[in-house]
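Below: the structure, in structure tokens.
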Amino acid sequence: MRQLSLISLMLASLTSAFGADNVLTKQERSEGWILLFDGKTLNGWDSAATPAGGPGRAPAGNAKQNKAPSQPGAAPQVGSNPRACSTPVGRATMSAGASHWEVVDGLLMPCGEPAGYLTSKESYKDFVLDVDFRTGEDTNSGVQIWKAQPQGYNTGSIVGTGKTEGEFKFIPDQWNHYEITAQDDHMIVVLNGTKTLDVHDSKFADGRIRLQYQKFPIAFKNIKLKLIKN
């Protein structure tokens, strides 16, 4: 019994140290972080078709367009072996071109067909975005997650803006972490603690946060954003 109690205490201490999924710590709240995914609902998100562009950000002023242009080297809008939707939200009837997303065990995941995007309803400018993702080795998703994108915008790049100078690999079938900073025209991408890209591009001054899937599987959690005060 004593050993079990010690194990329980250690697990509780680890949870306290690293924090639970999809919640903000006291320190994060004091630093101004915003939780974009609550681990339970799709509140604050929309899967209707939206324009492509930027590090998960749609170009400002184009939110009302109904059809997104293809990204350079994009794969057809068809997922590979899609997972069947398992919740009422995932199985709900969607507008034409909208993709299906649902929350399963605290994870944000796409399901069914067609492939597509999930976009924040709010628009942001000058921010740091944190997101955890888990996917298979052969995938095509976003924020840019693709080991061999046809135009060379591989994992850690920003499609249409900047390519990485070397190869940066995510860990398949395990949780990976992206940190993306967008301030004025300056964008920095960090994958699992390693900077993959540092570029300047003024065409995406502000916009909405957008997640993408083209191939299964892909799951997201701990999606957080902190506005940068100039």
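The values are calculated or read from the model by the stated rules, or taken from the named source; none is laboratory data. Just so you know, these numbers come straight off a predicted model, no measurement behind them. Note: ideal-geometry Cβ built from the backbone for every residue, glycine included; neighbour counts use all protein chains shown. The area values use the complete protein model at the heavy-atom level, side chains included, leaving out ligands, DNA and RNA. Shrake-Rupley method; radii C 1.70, N 1.55, O 1.52, S 1.80 Å.
Things to note:
- Checking each residue in region 114-144 for being within 12 Å of Lys215 (Cα to Cα), in a strand (DSSP E or B), at pLDDT 85 or above and not hydroxyl-bearing (Ser, Thr, Tyr) picks out only Gly116.
- Residues of region 27-72 satisfying the condition of being of a type in the set (D, E, K, R), at pLDDT 95 or above and surrounded by fewer than 16 Cβ atoms within 10 Å (Cβ to Cβ): Arg29, Glu31, Asp38, Lys40
- Residue match in region 193-200 (condition: outside any loop (DSSP other than H, G, I, E, B) and surrounded by 19 or more Cβ atoms within 10 Å (Cβ to Cβ)): yes
- Condition met for Phe170 (part of a loop (DSSP other than H, G, I, E, B) and surrounded by 21 or more Cβ atoms within 10 Å (Cβ to Cβ)): yes
- For region 202-230, the set of residues classified as modelled with pLDDT of 90 or more and more than 22 Å from Gly112 (Cβ to Cβ) consists of Arg208, Ile209, Asn222, Lys224, Leu225, Lys226, Leu227, Ile228, listed by residue number.
- Of all residues making up region 19-36, the number that are in contact (Cβ under 8 Å) with a residue 12 or more places away in the chain and assigned to a helix (DSSP H, G or I): 2
- Entry remark, region 171-230: residues being farther than 24 Å from Asn22 by Cα and small (Gly, Ala, Ser) number 2 in total.
- In region 201-230, residue most open to solvent (accessible area, probe 1.4 Å) [restricted to those that are assigned to a loop (DSSP other than H, G, I, E, B) and within 17 Å of Asn154 (Cβ to Cβ)]: Lys215
- The set of residues in region 155-187 that are of a type in the set (A, V, I, L, M, F, W, C) and over 15 Å from the mean Cα position of the chain (by Cα) comprises Phe168, Ile171, Met187.
- Screening Tyr213 on (1) farther than 20 Å from Arg134 by Cβ; (2) under 18 Å from the mean Cα position of the chain (by Cα) shows it passes everything except condition (1).
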